[in-house]
Amino acid sequence: MRLRTKIILLAVLPLVASLALLAVAVRQQEGDLARREHALVERAYMEARRAELRNYVALAVSTVQPLYERGGDEAANRREALKLLASLDYGEDGYFFVYDLQGHVLMHSRQPELLGKNLWELRDARGRPTIQQLIQQARAGGGYVDYLWRKPSSGQPAPKLGYVVALQRWQWMLGTGLYLDGIEATMTQLEREASANIATTLLWIAGIAVFGVGLISATGMVLNFSEHRLAETKLRLLARQVVQSQEDERAHLARELHDGVSQTLVSTKLMVEAAQKNAAAAAEPAGLLDKALQRLNAALTEVRRISHRLRPALLDTLGLPAALQRLAEEFDEAGPARVGLRIDGEPVELPEVLKTVLFRVAQESLTNMAKHAQAAQVELALSFEPDGGLRMSITDDGQGFDSQAMHQHPARGIGLRNMRERLDSVGGCLLISAAPGHGTQIEAQLSAITLAGLRKV
């Protein structure tokens with residue numbers, strides 16, 4: 001999996017997980033809110049209906065109260081009271097009913113076919129004795145009864161809430177009721193609206209999640225494209241720098257061989273030829289041969305110098321400290337800065353690849369110092385840590401530079417990137433401490449674990 005994909009996943013997955021948990025929490029909370037709202041509305045509705053029924057029955061009782069209290073013909077008073085109660089209806093399904101306390105129907109304005117019938121044994125669809133419950137509640141002083149009864153507007157049984165009272169002297173049960181299928185429809189509508197609100201909220205959360213994922217992906221793509229272009233620019237510059245370095249090294253070697261070794265060998269050749277001619281003329285060639293030998297020695301010294309520049313033999317024979325000592329001496333002799341070497345700790349044998357990397361880092365650092373730092377004093381330190389780690393630092397008192405700007409500039413800092421990449425290849429770390437006017441310190445660090453791993457390779 002690519003690093004870009006991992007970064008996008010690290011950004012997207014927490015967002016998606018958070019939004020999913022938020023959706024679950026919202027659904028749970030809205031579900032609880034809907035249930036509480038359902039219970040609250042139902043309770044308020046039922047309280048209002050109970051108060052309404054109580055008022056209706058009170059109105060009916062007050063209507064027949066004069067007849068109930070009037071003397072005279074009791075039978076006539078009852079007949080007139082039943083007529084008054086039959087005329088007191090309210091709406092299509094609102095009416096009063098009157099039974100005697102033995103269960104006979106005395107008045108029922110919506111079902112006149114029931115008049116005179118004894119419904120004492122009547123039971124609803126649930127097996128409950130409807131009339132018995134109503135009369136029992138009326139005898140107890142009045143109250144509410146839930147039961148099933150045929151609804152006039154639909155002709156179908158429906159749940160009903162009744163309120164009844166007893167007129168003891170006439171042995172009547174007077175009551176009315178309200179059908180509850182309307183509240184059930186209202187509650188069902190509230191539940192549908194709550195479900196729709198929850199679905200809308202979840203859709204909003206899903207939309208936010210999609211937008212967030214898209215925004216993160218787009219941002220990642222833009223950043224990746226930008227980083228890719230910058231990396232590609234740096235890579236092209238690095239490739240050109242590598243090619244140019246190779247060409248510069250070839251040109252340098254060509255000049256060294258042509259101006260140094262080649263000239264020395266040519267002059268030696270001429271001296272040997274002159275010695276041959278003098279020998280043929282019986283002249284003394286010793287002086288010419290001595291000069292030829294000196295020139296050969298100078299050519300060998302020059303060849304060794306070029307070979308040491310390419311890879312010092314001391315690195316393979318005496319190790320890194322000796323190679324760094326020779327490197328410091330060469331830069332010290334070349335001037336203008338004084339270069340000193342300090343070895344801390346007990347030196348140990350290092351892997352070949354590590355010796356090469358550290359030597360090249362030191363060589364590149366000193367070369368940069370000589371070209372740009374304008375330093376008077378340079379210290380090259382190699383420390384063998386007690387815990388088994390290794391640290392090499394190059395510190396100068398030169399003019400320094402802006403390391404952050406150097407790192408961000410695509411056309412500068414090639415040498416620093418080369419050093420960092422060399423150390424990265426062996427698991428090391430390159431630290432650069434620099435500021436304009438305050439000198440520079442370049443430090444290469446390798447842990448004991450890294451050194452142990454290199455020794456096993």
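Values computed for the structure shown
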item	result
Search result, residues across region 415-457 that are closer than 18 Å to Ile394 by Cβ, open to solvent by less than 40 Å² (accessible area, probe 1.4 Å) and β-branched (Val, Ile, Thr)	Val426, Thr440, Ile442
Residue check, Asp146 within 60 Å of the chain's Cα centre (by Cα) and within 23 Å of Ala51 (Cα to Cα)	yes
Out of Arg422, Arg412, sole residue that is out of contact with any strand residue (DSSP E or B) (no Cβ under 8 Å at 6 or more places or on another chain), in a helix (DSSP H, G or I) and either modelled with pLDDT under 85 or over 24 Å from Gln374 (Cβ atoms) (or both)	Arg422
Of all residues in region 134-193 being without any contact (Cβ under 8 Å) to a residue 24 or more places away in the chain and of a type in the set (Lys, Arg), the one that is nearest to Ala81 (Cα to Cα)	Lys160
Unique residue being at pLDDT 90 or above and either surrounded by fewer than 17 Cβ atoms within 10 Å (Cβ to Cβ) or not hydrophobic (A, V, I, L, M, F, W, C) (or both) when the list is Asp100, Asp124, Asp89, Asp93	Asp100
Region 352-403, subset among the basic types (Lys, Arg) and in a helix (DSSP H, G or I), residue least open to solvent (accessible area, probe 1.4 Å)	Lys355
Residues (assigned to a loop (DSSP other than H, G, I, E, B), open to solvent by 10 Å² or more (accessible area, probe 1.4 Å) and more than 23 Å from Gly127 (Cα to Cα)) located in region 146-188	Ser153, Gln168, Arg169, Gln171
Selection within region 325-344 - more than 15 Å from Ala375 (Cβ to Cβ) and in contact with a Leu (Cβ under 6 Å, 6 or more places away or on another chain)	Gln325, Arg326, Leu341, Ile343
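The values are calculated or read from the model by the stated rules, or taken from the named source; none is laboratory data. What you are looking at is a predicted structure, and each value in this text was computed from that prediction instead of being measured. Every residue, glycine as well, gets a Cβ built from its backbone with ideal geometry; the counts of neighbours run over all protein chains shown. Keep in mind that these areas ignore ligands, DNA and RNA; they rest on the heavy atoms of the full protein, side chains included. Shrake-Rupley method; radii C 1.70, N 1.55, O 1.52, S 1.80 Å.
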